[in-house]
Amino acid sequence: MLMGPKGGPGGCWCMLWRLRAKDYDTAGPEGRRQGMRAAFDGSIPPGLLAYDDETPVGWCSLAPRSAFPRLETSRVLKPVDDADVWSITCFFIAKSHRRTGMTVKLLEAAADFVAGQGGAILEGYPVDPGRKDYPSAYAWVGLADAFRKAGFEEVARRSDTRPIMRRVLSAG
């Protein structure tokens with residue numbers, strides 16, 4: 001199991017962006033776990049898993065931006081424009097695979113997946129801390145450098161450390 005019984009740090013279950021703030025708090029860890037389980041019942045999986053042989057070692061949460069209502073109300077991460085985008089909102093990488101380029105591999109796989117779904121733009125909201133020793137535990141949204149390595153470009157920055165980055169997948 002990649003995330004363990006708590007579903008990642010703080011029992012998030014990658015539901016932070018998928019729920020409005022009050023709903024996230026009300027749901028609690030068990031409600032968030034059930035919410036993620038329900039997301040897997042949809043026609044589009046709520047994210048991608050990376051494997052090392054048969055062992056899951058990485059995860060990224062992605063979906064059309066409309067699946068993440070909390071992004072709509074964020075002062076820093078609100079929409080840049082009216083483009084129809086898919087969003088990558090978080091990552092979970094096994095300790096054994098951190099600092100190995102796993103985030104870049106997941107970003108590239110996400111771009112391939114979204115393009116296969118007919119998506120034209122993939123967007124992410126990484127942290128850009130401006131220092132190399134940034135603790136990986138706080139980089140759950142990804143690091144801007146990994147996004148750059150995967151072909152993403154910054155399209156907005158409303159905070160010193162939180163760029164909005166995009167990769168155009170097609171002329172769509």
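The values are calculated or read from the model by the stated rules, or taken from the named source; none is laboratory data. Note that the structure is predicted; figures quoted are calculated from it, not measured. Reconstructed Cβ throughout: ideal geometry from the backbone, glycine too, with neighbour counts over all protein chains shown.
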Task: Subset of region 58-108 (residues that are farther than 21 Å from residue 44 by Cα and hydrophobic (A, V, I, L, M, F, W, C)) - done: 76, 77, 80, 93, 94, 102, 104
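Looking at residue 152, is it touching a residue at least 12 places away in the same chain (Cβ under 8 Å), more than 13 Å from residue 60 (Cα to Cα) and aromatic (Phe, Trp, Tyr)? Please lay out each step first, then the result.
Values: touching a residue at least 12 places away in the same chain (Cβ under 8 Å): yes; more than 13 Å from residue 60 (Cα to Cα): yes; aromatic (Phe, Trp, Tyr): yes.
When the stated conditions are applied, residue 152 passes them.
What are the residues in region 92-127 that are among the β-branched types (Val, Ile, Thr) and not in a strand (DSSP E or B), if any?
Start the filter on region 92-127 by keeping residues that are among the β-branched types (Val, Ile, Thr), which leaves 93, 100, 103-104, 114, 121, 127.
If the condition is that a residue be among the β-branched types (Val, Ile, Thr) and not in a strand (DSSP E or B), then 100, 103, 104, 114 are the ones that fit.
If you go through region 128-148 one residue at a time, do you hit one that is of a type in the set (Val, Ile, Thr) and in a loop (DSSP other than H, G, I, E, B)?
To start, the set of residues in region 128-148 that are of a type in the set (Val, Ile, Thr) comprises 141.
Still in the running and in a loop (DSSP other than H, G, I, E, B): 141.
Yes, because at least one residue in region 128-148 is of a type in the set (Val, Ile, Thr) and in a loop (DSSP other than H, G, I, E, B).
Please find, among 14, 60, the residue that is at pLDDT 95 or above, under 28 Å from residue 116 (Cα atoms) and not in a helix (DSSP H, G or I).
Details: 14 fails: at pLDDT 95 or above.
Of the residues listed, the single one that is at pLDDT 95 or above, under 28 Å from residue 116 (Cα atoms) and not in a helix (DSSP H, G or I) is 60.
Based on what the data block shows, is residue 93 touching a Gly at 6+ places or on another chain (Cβ under 6 Å) and modelled with pLDDT of 95 or more? Walk me through how you get there before you give the answer.
Values: touching a Gly at 6+ places or on another chain (Cβ under 6 Å): yes; modelled with pLDDT of 95 or more: no.
Spelling it out, it is not the case that residue 93 is touching a Gly at 6+ places or on another chain (Cβ under 6 Å) and modelled with pLDDT of 95 or more.
Out of the residues in region 149-172 that are small (Gly, Ala, Ser) and either in contact with a helix residue (DSSP H, G or I) (Cβ under 9 Å, 6 or more places away or on another chain) or part of a loop (DSSP other than H, G, I, E, B) (or both), state the one that is surrounded by the fewest Cβ atoms within 10 Å (Cβ to Cβ).
Taking region 149-172 first, the residues small (Gly, Ala, Ser) are 150-151, 156, 159, 170-172.
Now restrict to residues that are either in contact with a helix residue (DSSP H, G or I) (Cβ under 9 Å, 6 or more places away or on another chain) or part of a loop (DSSP other than H, G, I, E, B) (or both): 150-151, 159, 170-172.
Values: 150: 23, 151: 16, 159: 13, 170: 10, 171: 5, 172: 11.
Checked region 149-172; the qualifying residue surrounded by the fewest Cβ atoms within 10 Å (Cβ to Cβ) is 171.
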- [ ] Determine whether region 102-111 contains at least one residue that is closer than 21 Å to residue 72 by Cβ and of a type in the set (S, T, N, Q).
- [x] no
Open item on the list: For the condition in a loop (DSSP other than H, G, I, E, B) and either more than 17 Å from the chain's Cα centre (by Cα) or not basic (Lys, Arg) (or both), what is the one hit in 41, 23?
Closed with: 41
